[in-house]
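Q: Quick one: this structure, given as structure tokens, is what I'll be asking you about.
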Amino acid sequence: MTLNKTYRAFVVDRDGEKLISGIQELDISALPDADVKVRVQWSSLNYKDGLAITGAAPIIRKTPMTAGIDFSGIVEESAIEDFVPGDEVVLTGWGVGETHPGGFAQLASVQGDWLEKLPDGLDPKNAMAIGTAGLTSMLCVMGLENNGLKPSSGPVIVTGAAGGVGSLAVAILSDLGYEVSALTGRKDYSEFLTNLGAKEIIGRNEFSEEVSKPLLSERWAGAVDVVGGKILAKIISQMKYGAPLAACGLAGGSELNTTVLPFILRGVKLIGIDSVMCPKPLRVSAWNRIAKQISKEKLSSITNIHSMSDLDGLGKDILRGAIRGRIVIDVNK
Ligand SMILES: NC(=O)c1ccc[n+]([C@@H]2O[C@H](COP(=O)([O-])OP(=O)(O)OC[C@H]3O[C@@H](n4cnc5c(N)ncnc54)[C@H](OP(=O)(O)O)[C@@H]3O)[C@@H](O)[C@H]2O)c1
């Protein structure tokens, strides 16, 4: 099949100090020279995209840049054996949408080793309902399991529970049989979280004060934290003896004011999770597990579809914690 001469993309650019972003019709010569060209079908909105689109953090280092840190679609052209036209693929991270043109576009040209074939059980749309957020949730769960967490260990707390990473972590953990406590600043989403499998809903205000003591009563057998800051500090002080905590985000702040006491007196294990440069074998096993395990019903209940023209507003919304679940972007609309 011959490629069209142009494609639509959501581009972030600078006019002096001012950031400008919007949909542009680009010539295919704007695509980088890389192994595989993908006809993108779906992308998704992640917190990092919000930072990139609004310029709230210097995610995009080089302008103009097509934003979008993940995408799924169909291989159109391939210069390598691993992929042939027609393969359904997914890409998350690797600097795409940051230093390399990203997924908010009808076409992408990328290194073959950044791409993964979709595992059985996932189509391109579901793959983006999961996207970077879902991969990160599964990496958190796998990190906890590798550090001894079992459903019988006790309650697991998930912060930022109504957001993308959080809602998927609640769904995955509860489907695995864990007793999940969902911490949220939006108690009006209690029913949403209960339907995903949360046993207990905790208001964010219970966790928003500075920790008074480095060790509080032991409460959590495991934790997935997407917010950092004071909330993470408090959770660390409440972890059970030897319990693992996966830290993957900073939606509430990047600082962490704690002491070594939970680590040296209780053996608490703080595990850092990165999905962007995560090695391929770990990604592949995380995607395979997601494909086998994720409930399509739950996935659809957390997903909303938008077009690229909504991205400016959505970028602001995700930074103020106003997105529920996952936003999938239809790049052809
Ligand atoms: N390490 C990685 O590889 C990786 C990958 C993906 C994402 N992340 C990080 O994970 C975080 C979440 O990403 P996401 O895409 O899930 O974003 P999201 O959909 O916006 O979810 C973040 C959630 O955090 C809560 N929140 C927002 N502002 C807060 C504040 N000031 N204090 C406390 N809680 C707050 C809100 O949940 P409630 O309304 O329920 O409280 C919000 O929905 C981001 O920091 C992102 O950078 C990291």
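The values are calculated or read from the model by the stated rules, or taken from the named source; none is laboratory data. Computed from a predicted model, the values in this text were never measured in an experiment. A quick note on method: Cβ atoms are made from the backbone with ideal geometry, for glycine too, and the neighbour counts reach across all protein chains shown.
Q: Given the criterion near the ligand (Cβ under 10 Å from one of its atoms) and surrounded by fewer than 20 Cβ atoms within 10 Å (Cβ to Cβ), identify the matching residue among K213, K187.
A: Numbers: K213 fails: near the ligand (Cβ under 10 Å from one of its atoms).
After applying the criteria, what remains is K187.
Q: Which one is nearest to S300 (Cα to Cα), of the residues in region 159-184 that are more than 10 Å from the ligand (Cβ to nearest atom) and outside any helix (DSSP H, G or I)?
A: L176
Q: Would you kindly identify the helices (runs of 4 or more DSSP H) lying entirely within region 220-333 that contain at least 2 residues that are within 16 Å of the ligand (Cβ to nearest atom) and of a type in the set (A, V, I, L, M)? Walk me through how you get there before you give the answer.
A: On the way: elements: 229-237, 261-265, 280-293, 296-302, 311-319.
Helices (runs of 4 or more DSSP H) meeting the threshold: 229-237, 280-293, 296-302, 311-319.
Q: Which residue is nearest to the ligand (Cβ to nearest atom), if the candidates are limited to region 82-103 and must be within 19 Å of Q24 (Cβ to Cβ) and not in a loop (DSSP other than H, G, I, E, B)?
A: If we take residues in region 82-103 being within 19 Å of Q24 (Cβ to Cβ) and not in a loop (DSSP other than H, G, I, E, B), then V96 is nearest to the ligand (Cβ to nearest atom).
Q: Looking for something surrounded by fewer than 24 Cβ atoms within 10 Å (Cβ to Cβ), in contact (Cβ under 8 Å) with a residue 24 or more places away in the chain and closer than 16 Å to G143 by Cα - is there at least one such residue anywhere in region 219-238?
A: Taking every residue of region 219-238 in turn, at least one turns out to be surrounded by fewer than 24 Cβ atoms within 10 Å (Cβ to Cβ), in contact (Cβ under 8 Å) with a residue 24 or more places away in the chain and closer than 16 Å to G143 by Cα.
Q: For region 39-58, what are the residues that are under 17 Å from S254 (Cβ atoms) and among the aliphatic types (A, V, I, L, M)?
A: L51, A52, A56, A57
Q: Say we look at region 74-119 and pick out the residues that are within 20 Å of the chain's Cα centre (by Cα) and on the phi > 0 side of the Ramachandran plot; which of these is surrounded by the most Cβ atoms within 10 Å (Cβ to Cβ)?
A: Filtering region 74-119 for residues that are within 20 Å of the chain's Cα centre (by Cα) and on the phi > 0 side of the Ramachandran plot, the one surrounded by the most Cβ atoms within 10 Å (Cβ to Cβ) comes out as G97.
Q: Counting just the residues of region 1-30 that are in a strand (DSSP E or B) and among the polar types (S, T, N, Q), which one comes out nearest to S78 (Cα to Cα)? Even if it seems obvious, please write down each step before you answer.
A: Let us first name the residues in region 1-30 that are in a strand (DSSP E or B), namely 6-15, 18-27.
Applying the additional criterion that residues be among the polar types (S, T, N, Q) yields 6, 21, 24.
Working: T6: 19, S21: 30, Q24: 25 Å.
Only one residue tops the list, namely T6.
Q: Output the residues belonging to region 31-59 that are in contact with a Ser or Thr (Cβ under 9 Å, 6 or more places away or on another chain), within 26 Å of A127 (Cα to Cα) and more than 15 Å from the ligand (Cβ to nearest atom).
A: Listed by number, the residues that qualify are L31, P32, D33, A34, D35, V36, K37, V38, V40, Q41, W42.
Q: Now for a different question. Within the set of pairs 6+ apart or on separate chains, which have a first residue in region 244-259 that is assigned by TED's automatic domain parsing to the domain that holds N146 and without any contact (Cβ under 8 Å) to a residue 40 or more places away in the chain, a second that is in a loop (DSSP other than H, G, I, E, B) and within 9 Å of the ligand (Cβ to nearest atom), and C-beta atoms under 7 Å apart?
A: A247/I273
Q: Pick from region 1-33 the residues that are surrounded by fewer than 13 Cβ atoms within 10 Å (Cβ to Cβ) and basic (K, R): which of them is nearest to A52 (Cα to Cα)?
A: Per the criteria, the residue is K18.
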